[in-house]
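Before any comments, here is the structure.
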Amino acid sequence: MFRDRLDAAERIAQRLSHLKGQDPLILAIPRGAVPMGRLIADALEGDLDVVLVRKIGAPGNPEFAVGAVSEDGSVALKETAQHFREEAVTRETQKQKALLEERRQRYTPVRAPIDPKGRIVVVVDDGSATGATMEAALSTLHSRKPQKLIAAMGAAPPDTVERLESLADEVVCLEVDRDFRAVGQFFAEFGQVEEEEVIELLGSEHG
């Protein structure tokens, strides 16, 4: 059990302390992981940015994910997408792309996304139930040629961790629990992170 997200972030930073001095790039999954990413980036003397991915919901059932899209435009569709009309899936994909563009403009309006090529990249989330968002982030980053790709999170079920291990060079998960019901069960305090805090954290200097 963690006190809060920053408690989990401190423990992740300790596990990754060997990266200090190697200029790692910390990519947080908004919004909950951004305060964690800021702490980890500061502790490891690295850079902080966000990795923007959105699940593509099934037409008429947005909670049922049929794929994911990243801000660089890459789309990963599951086999289940074939059960829906192609035009409807494409429309939903374009909608999510537009949301990602809007979010990037809001989060880092004065600079482009930091290029992960040749960098040690740590993708951070507070927790991962199904792993869908983290999977999409890792898949997107693979094509950007990082030196090393690490997935780091507070909590996840064993099957999710196992799946992520096939996509990342290393997975750091502090709590691997078969009785996983929701990410919030592992945090004494698990409040919502607001957009304003994300924007402020991304604009602050580390050090």
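General remarks:
- Leu27 vs. criteria assigned by TED's automatic domain parsing to the domain that holds Leu174 and in a strand (DSSP E or B): yes
- Total residues in segment 116-144 satisfying the condition of being modelled with pLDDT of 95 or more and more than 11 Å from the chain's Cα centre (by Cα): the figure is 6.
- Scanning segment 88-104 for residues being without any contact (Cβ under 8 Å) to a residue 24 or more places away in the chain and more than 18 Å from the chain's Cα centre (by Cα) gives a total of 4.
- Qualifying residue in segment 30-53 (condition: within 20 Å of Leu167 (Cα to Cα), in a strand (DSSP E or B) and at pLDDT below 95): yes
- Subset of segment 159-207 [of a type in the set (Lys, Arg) and either in contact with a Lys or Arg (Cβ under 6 Å, 6 or more places away or on another chain) or touching a residue at least 24 places away in the same chain (Cβ under 8 Å) (or both)]: Arg163
- Looking across segment 42-64, the residues that are buried (at least 18 other Cβ atoms within 10 Å of the Cβ) and more than 23 Å from Glu102 (Cα to Cα) come down to Ala43, Leu44, Gly46.
- Single residue of Arg15, Arg85 found to be over 18 Å from Val193 (Cα atoms), surrounded by fewer than 17 Cβ atoms within 10 Å (Cβ to Cβ) and within 19 Å of the chain's Cα centre (by Cα): Arg15
- All positions within segment 26-38 that are crowded, with 23+ Cβ neighbours inside 10 Å and farther than 30 Å from Ala81 by Cβ: Ile26, Met36, Gly37, Arg38
- Taking the criterion of being assigned to a helix (DSSP H, G or I) and without any contact (Cβ under 8 Å) to a residue 12 or more places away in the chain, the residues of segment 54-82 that qualify are Glu79, Gln82.
- Condition check for Ala9: outside the structural domain of Leu174 (by TED's automatic domain parsing) and outside any loop (DSSP other than H, G, I, E, B): no
- Scanning segment 151-164 finds no residues that are at pLDDT below 95 and more than 30 Å from Arg3 (Cα to Cα).
The values are calculated or read from the model by the stated rules, or taken from the named source; none is laboratory data. Here the structure is a predicted model, which means the values were calculated and not measured. So basically every Cβ, Gly included, is an ideal-geometry build from the backbone, and we count neighbours across all protein chains shown.
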